[in-house]
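Presented below is the structure to which this report refers.
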Amino acid sequence: MKLLDSSFCADFLRGRNAAKSYRLDHQDESLVLSAVGYYELYHGAVKEGRDPARVDDLLPWVERIDYDRAHALEGARIRQELEAQGERLQHPDMMLAGVARSLGVPVVTADGGFERVDGLDVENHRELYRE
(Lines give C-alpha, C1' and ligand atoms only; values in the text may rest on other atoms or scores of the structure.)
Protein backbone atom coordinates (compact mmCIF):
# COMPACT_ATOMS: atom_id res chain seq x y z
CA MET A 1 0.00 0.00 0.00
CA LYS A 2 1.11 3.53 -0.80
CA LEU A 3 -0.55 6.74 0.33
CA LEU A 4 -1.04 9.27 -2.45
CA ASP A 5 -0.71 12.96 -1.80
CA SER A 6 -2.94 15.35 -3.70
CA SER A 7 0.12 16.64 -5.60
CA PHE A 8 0.52 13.21 -7.22
CA CYS A 9 -3.19 12.99 -8.04
CA ALA A 10 -3.23 16.53 -9.44
CA ASP A 11 -0.25 15.67 -11.64
CA PHE A 12 -2.03 12.52 -12.83
CA LEU A 13 -5.23 14.45 -13.57
CA ARG A 14 -3.21 17.02 -15.53
CA GLY A 15 -1.62 14.24 -17.59
CA ARG A 16 1.95 14.69 -16.34
CA ASN A 17 4.17 11.88 -17.59
CA ALA A 18 5.86 11.28 -14.23
CA ALA A 19 2.54 10.55 -12.54
CA LYS A 20 1.29 8.41 -15.42
CA SER A 21 4.53 6.39 -15.44
CA TYR A 22 4.44 5.93 -11.68
CA ARG A 23 0.84 4.71 -11.89
CA LEU A 24 1.69 2.20 -14.63
CA ASP A 25 4.68 0.84 -12.71
CA HIS A 26 2.62 0.45 -9.50
CA GLN A 27 -0.72 -0.72 -10.89
CA ASP A 28 -0.50 -3.99 -8.95
CA GLU A 29 -0.17 -2.15 -5.63
CA SER A 30 -2.87 -0.62 -3.50
CA LEU A 31 -2.75 3.14 -4.04
CA VAL A 32 -4.85 4.96 -1.46
CA LEU A 33 -5.96 8.51 -0.80
CA SER A 34 -7.27 9.64 2.54
CA ALA A 35 -10.24 11.90 3.12
CA VAL A 36 -7.74 14.74 3.68
CA GLY A 37 -6.31 14.22 0.20
CA TYR A 38 -9.78 14.21 -1.32
CA TYR A 39 -10.50 17.49 0.47
CA GLU A 40 -7.43 19.03 -1.17
CA LEU A 41 -8.41 17.77 -4.62
CA TYR A 42 -12.03 18.90 -4.24
CA HIS A 43 -10.86 22.31 -3.06
CA GLY A 44 -8.63 22.64 -6.12
CA ALA A 45 -11.50 21.73 -8.43
CA VAL A 46 -13.92 24.16 -6.79
CA LYS A 47 -11.30 26.91 -6.81
CA GLU A 48 -10.77 26.45 -10.56
CA GLY A 49 -14.50 26.27 -11.32
CA ARG A 50 -14.49 22.56 -12.20
CA ASP A 51 -16.93 19.91 -11.04
CA PRO A 52 -15.38 18.19 -7.97
CA ALA A 53 -17.31 14.99 -8.76
CA ARG A 54 -14.98 14.55 -11.75
CA VAL A 55 -12.15 13.81 -9.31
CA ASP A 56 -13.87 10.58 -8.33
CA ASP A 57 -14.69 9.75 -11.94
CA LEU A 58 -11.10 10.23 -13.12
CA LEU A 59 -9.44 8.30 -10.28
CA PRO A 60 -11.47 5.07 -10.05
CA TRP A 61 -8.31 3.05 -9.31
CA VAL A 62 -7.60 5.05 -6.14
CA GLU A 63 -8.85 3.45 -2.94
CA ARG A 64 -10.42 5.86 -0.45
CA ILE A 65 -9.48 5.50 3.21
CA ASP A 66 -11.02 7.31 6.13
CA TYR A 67 -9.08 9.63 8.39
CA ASP A 68 -9.21 8.06 11.83
CA ARG A 69 -8.06 8.62 15.40
CA ALA A 70 -4.68 6.90 14.92
CA HIS A 71 -3.97 9.10 11.90
CA ALA A 72 -4.91 12.24 13.82
CA LEU A 73 -2.76 11.29 16.79
CA GLU A 74 0.27 10.59 14.60
CA GLY A 75 -0.29 13.87 12.75
CA ALA A 76 -0.30 15.70 16.09
CA ARG A 77 2.97 13.99 17.03
CA ILE A 78 4.50 15.01 13.72
CA ARG A 79 3.42 18.61 14.25
CA GLN A 80 5.04 18.64 17.69
CA GLU A 81 8.26 17.10 16.34
CA LEU A 82 8.50 19.61 13.51
CA GLU A 83 7.69 22.61 15.69
CA ALA A 84 10.35 21.52 18.22
CA GLN A 85 12.85 21.73 15.33
CA GLY A 86 11.52 25.09 14.15
CA GLU A 87 9.95 23.44 11.10
CA ARG A 88 6.42 23.43 9.71
CA LEU A 89 4.24 21.76 7.15
CA GLN A 90 0.84 22.86 5.96
CA HIS A 91 -1.84 21.29 8.15
CA PRO A 92 -3.20 18.96 5.45
CA ASP A 93 0.34 17.69 4.80
CA MET A 94 0.90 17.02 8.51
CA MET A 95 -2.37 15.14 8.55
CA LEU A 96 -1.37 13.08 5.49
CA ALA A 97 2.05 12.40 7.00
CA GLY A 98 0.22 11.15 10.09
CA VAL A 99 -1.80 8.74 7.97
CA ALA A 100 1.29 7.39 6.20
CA ARG A 101 3.46 7.07 9.28
CA SER A 102 0.72 5.47 11.38
CA LEU A 103 0.14 2.88 8.64
CA GLY A 104 3.85 2.42 7.99
CA VAL A 105 3.48 3.14 4.28
CA PRO A 106 5.26 5.57 1.96
CA VAL A 107 3.65 8.77 0.80
CA VAL A 108 3.80 9.46 -2.94
CA THR A 109 4.17 13.17 -3.49
CA ALA A 110 5.86 15.96 -5.40
CA ASP A 111 6.01 18.12 -2.27
CA GLY A 112 9.42 18.37 -0.66
CA GLY A 113 8.22 19.13 2.86
CA PHE A 114 7.36 15.52 3.66
CA GLU A 115 11.06 14.68 3.68
CA ARG A 116 11.44 16.63 6.94
CA VAL A 117 9.26 14.11 8.79
CA ASP A 118 11.32 11.53 10.67
CA GLY A 119 10.39 7.92 10.02
CA LEU A 120 8.35 8.70 6.92
CA ASP A 121 9.19 7.07 3.60
CA VAL A 122 8.69 9.48 0.72
CA GLU A 123 8.51 8.63 -2.98
CA ASN A 124 8.67 11.69 -5.20
CA HIS A 125 7.28 10.62 -8.56
CA ARG A 126 8.74 13.68 -10.29
CA GLU A 127 12.24 12.73 -9.13
CA LEU A 128 11.76 9.04 -9.92
CA TYR A 129 10.47 9.76 -13.43
CA ARG A 130 12.22 12.90 -14.62
CA GLU A 131 10.17 14.67 -17.25
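Stretching Tyr39 away from Gln85 to a fully extended chain increases their span by 13.8 nm, per 0.36 nm per residue minus the current alpha-carbon distance.
Take every pair of alpha-carbon atoms less than 8 Å apart whose residues are at least six positions apart; their mean separation over the length of the range 1-108 yields a relative contact order of 35 percent. Full extension of the chain between Ala76 and Tyr129 yields a length gain of 15.9 nm, computed as 0.36 nm times the residue separation minus the alpha carbon distance. Taking only protein heavy atoms and a 1.4 Å probe, the accessible area of the chain is 46% carbon and sulfur. Counting only protein heavy atoms and a 1.4 Å probe, the range 6-126 has 53 square angstrom of accessible area per residue. Against the longest principal axis of the chain, how steep is helix 69-84, in degrees 0 to 90 to the nearest 10, with axes from Cα atoms? The two axes meet at around 60 degrees. A Förster radius of 25 Å, combined with the Cβ-Cβ distance separating Gln27 from Glu48, puts the computed FRET efficiency at roughly 0.35. When a/c is below 1.5 the answer is rounded, else prolate if a/b is larger than b/c, else oblate, so apply that to the range 28-75 with a ≥ b ≥ c taken from the square roots of the Cα gyration tensor eigenvalues. Because a/c hits 1.5 or more and a/b fails to exceed b/c, the range 28-75 counts as oblate. Relative to the longest principal axis of the Cα atoms of the chain, the long axis of helix 35-47 makes an angle of roughly 60 degrees.
The Cα atoms of the range 72-114 give a gyration tensor whose axes a ≥ b ≥ c have a/c of 1.5 or more with a/b no greater than b/c, which makes the shape oblate. For Tyr38, Tyr129, the ranking by accessible surface with the largest value first comes to Tyr129, Tyr38, using a 1.4 Å probe. Remark: the Cα gyration tensor places the chain in the prolate category, a/c being 1.5 or greater and a/b exceeding b/c.
The values are calculated or read from the model by the stated rules, or taken from the named source; none is laboratory data. Since we're looking at a predicted model, the values are computed, not measured. Note that we place each Cβ from the backbone using ideal geometry, even for glycine, and neighbour counts take in every protein chain shown. Areas reflect the complete protein model, heavy atoms only, side chains present, ligands, DNA and RNA absent. Shrake-Rupley method; radii C 1.70, N 1.55, O 1.52, S 1.80 Å.
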